[in-house]
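Just below is one structure, and these are the notes that go with it.
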Amino acid sequence: MEQETNRVEAFSDGVFAIVITILVLEIKVPEEHGSDLWHGLWAQWPHYAAYVVSFLVVGVMWVNHHTIFGHLRRVDRPLLFLNLLVLMVVSVIPWTTSVLAEHLKDDEAAKVAAILYSAWTVVYALAFSAFWWYVTRVGHLFHEHVDKDGARATRMRFGLGAIAYPITVVLSFISAPLALVAHFFIAIYYAANQIPIPLVVEDERLESASDLRK
């Protein structure tokens, strides 16, 4: 079962790597030549901005995904499907990023594109939250040294994305660049470890010393 866990994580890592690679492939080479190339490079600033934010979003997703699997002893069939759901949602991010980048300078179209981008992050937040809630629901997939109650206690803090990302949908109706900035700061929030999985101390000598002090 530990080998199966490694296989699932390796497959997931491959998907994350492909998604991040596709993000940069969406930035096209400017058609301008000579000194006009400076203008062509600057004209693509929406693509750069969208790329940086989405790279950070996907990168943080991968870090948290890796953190979770580092504490799993085995996987089961429901978890495999929940993991596939997470990967399916992540795989769409390059497309929503491209749509947003292409229309970020068009005020009305930018709002529609930002709504699409933000709404899809809501879907992702729900998918990843479902993944984490299933892992912590019983705790039967964790390594023996994991504090299962402590892991469950992180649910609400990690699940704040289900509240924060809908707010970005509202912001998208006001300003697409503002919504993109909000996504950047949400990714920064999740870059800090919001699922610190505590470990159970099983050192009998420490317990004996504690008993003696009592």
Scan region 19-43 residue by residue and report those that are touching a residue at least 24 places away in the same chain (Cβ under 8 Å) and either surrounded by 14 or more Cβ atoms within 10 Å (Cβ to Cβ) or not in a helix (DSSP H, G or I) (or both). Val19, Ile20, Ile22, Leu23, Glu26, Ile27
Just checking, how many residues over region 44-97 are in contact with an Asp or Glu (Cβ under 6 Å, 6 or more places away or on another chain) and closer than 21 Å to Pro196 by Cβ? 1
Pairing a residue in region 69-84 that is assigned to a helix (DSSP H, G or I) with any residue that is modelled with pLDDT under 90 and hydrophobic (A, V, I, L, M, F, W, C), where Cβ atoms lie under 7 Å and the two sit 6 or more apart in sequence or on different chains, gives Leu79/Leu141
Does any residue of region 203-212 turn out to be among the hydrophobic types (A, V, I, L, M, F, W, C) and either modelled with pLDDT of 85 or more or surrounded by 13 or more Cβ atoms within 10 Å (Cβ to Cβ) (or both)? no
Take Ser12 and decide whether it is buried (at least 17 other Cβ atoms within 10 Å of the Cβ) and out of contact with any helix residue (DSSP H, G or I) (no Cβ under 7 Å at 6 or more places or on another chain). no
Yes or no: Val19 among the aliphatic types (A, V, I, L, M) and at pLDDT 90 or above? yes
Tyr190: passes all of (1) under 18 Å from Trp120 (Cβ atoms); (2) among the aromatic types (Phe, Trp, Tyr); (3) surrounded by fewer than 15 Cβ atoms within 10 Å (Cβ to Cβ) but (3)
Mind counting the residues in region 138-173 that are part of a helix (DSSP H, G or I) and in contact (Cβ under 8 Å) with a residue 12 or more places away in the chain? 18
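The values are calculated or read from the model by the stated rules, or taken from the named source; none is laboratory data. All values reported here derive from a predicted model rather than from experimental measurement. Glycine gets a Cβ as well: all are built from the backbone with ideal geometry, and neighbour counts include every protein chain shown.
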